[in-house]
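What follows is calculated from the coordinates using simple rules that are stated; it is not laboratory data. As the structure is a computational prediction, the values presented were derived from the model and not from experiment. Virtual Cβ from ideal backbone geometry, glycine too; neighbours counted across all protein chains shown.
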Amino acid sequence: MEIAEASGGAVVEPATTITDCPDYEDNRILECAAASGSLLIVSDDTDLLPMSPWRGTPVLTSAAFVNRTDTMRRGRRR
């Protein structure tokens, strides 16, 4: 909790149980995403990726996230 708060983040305790994914542990990721109002989910998990967009939230691979971030940075330099 200290690291999250020191970095400007917070600890989220989801109030809603989600069962959209067949993998129990992945549902915990979705619960945190929903509770925090995440704009996107970055994961290389093969159960989560096909769910994109999950309830309107894109699920990107780590490589796709890096590519988008690099593209945005290059665009700002112009």
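Could you look through region 43-63, keep only residues that are among the hydrophobic types (A, V, I, L, M, F, W, C) and surrounded by fewer than 16 Cβ atoms within 10 Å (Cβ to Cβ), and pick out the one that is nearest to residue 8 (Cα to Cα)? Checked region 43-63; the qualifying residue nearest to residue 8 (Cα to Cα) is 63.
Scanning region 19-42 for residues that are acidic (Asp, Glu) and closer than 22 Å to residue 9 by Cβ yields 25, 26, 31. Looking at the chain, the helices (runs of 4 or more DSSP H) lying wholly inside it that each contain 1 or more residues that are touching a residue at least 24 places away in the same chain (Cβ under 8 Å) and under 15 Å from the mean Cα position of the chain (by Cα) sit at 24-36, 62-77.
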